[in-house]
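Below you'll find the structure, written out as structure tokens, and then a few comments.
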Amino acid sequence: ALALAVTSLIATAAQAADGKATFTAKCTVCHGADGKGQSAMAKKLGVKDLTATKLSAAEIEAMIAKGKGKMTGFEGKLTAEEIKAVAEYVATLTGGAQ
């Protein structure tokens, strides 16, 4: 049981790291490394500050998958696991649900 718990914790940490890496690779162009949306591209597109969102990780996940407004969705471009990991990482930026 202890080994299973440790394996689960390691997997969760790895998934969070993957979420950050995917966010860095796919999202920072518009949202910035800190998620505040202060890049030139973000200002041009009217990107909202992710650190101020009240959305849950599940709502963020849906938005990443389907897109919203000028943001195109990543469904089919990222796996469901990658989308979930990014949503969980974004939730850590906001202090929202994880």
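The values are calculated or read from the model by the stated rules, or taken from the named source; none is laboratory data. Values in this document were obtained by computation on a predicted structure and should not be read as measured data. Glycine gets a Cβ as well: all are built from the backbone with ideal geometry, and neighbour counts include every protein chain shown. What goes into the accessible areas is simple: the full protein's heavy atoms, side chains included, and nothing from ligands, DNA or RNA. Shrake-Rupley method; radii C 1.70, N 1.55, O 1.52, S 1.80 Å.
Suppose each label sits 7 Å from its Cα in the direction of the beta carbon; what would the THR92-LYS26 distance come out to in nanometres?
1.7
How much length is gained on full extension from ALA40 to GLU75, taking 0.36 nm per residue of separation minus their Cα-Cα distance?
So the extension gain works out to 10.0 nm.
Hand me the trypsin sites (Lys or Arg not before Pro) from segment 36-67 located in a DSSP loop with no more than 12 other Cβ atoms within 10 Å, in residue order please.
Of the trypsin sites (Lys or Arg not before Pro), the ones in loops of segment 36-67 whose Cβ has at most 12 other Cβ atoms within 10 Å are LYS54.
In the structure displayed, which of LYS43/LYS68; LYS54/LYS77; LYS26/LYS54 lie more than 18 Å apart, Cα to Cα?
Listed pairs above 18 Å: LYS54/LYS77; LYS26/LYS54.
Contour minus end-to-end for LYS66 and ALA52, with contour as 0.36 nm per residue of separation and end-to-end as the Cα-Cα distance? Don't skip to the end; give the middle numbers.
Values: separation 14, 0.36 × 14 = 5.04 nm, distance 2.05 nm.
Stretched out fully, the LYS66 to ALA52 stretch lengthens by 3.0 nm.
Could you please state how large a percent of the accessible area of segment 21-98 is carbon and sulfur, counting protein chains only and using a 1.4 Å probe?
Carbon with sulfur: 57 percent of the solvent-accessible area.
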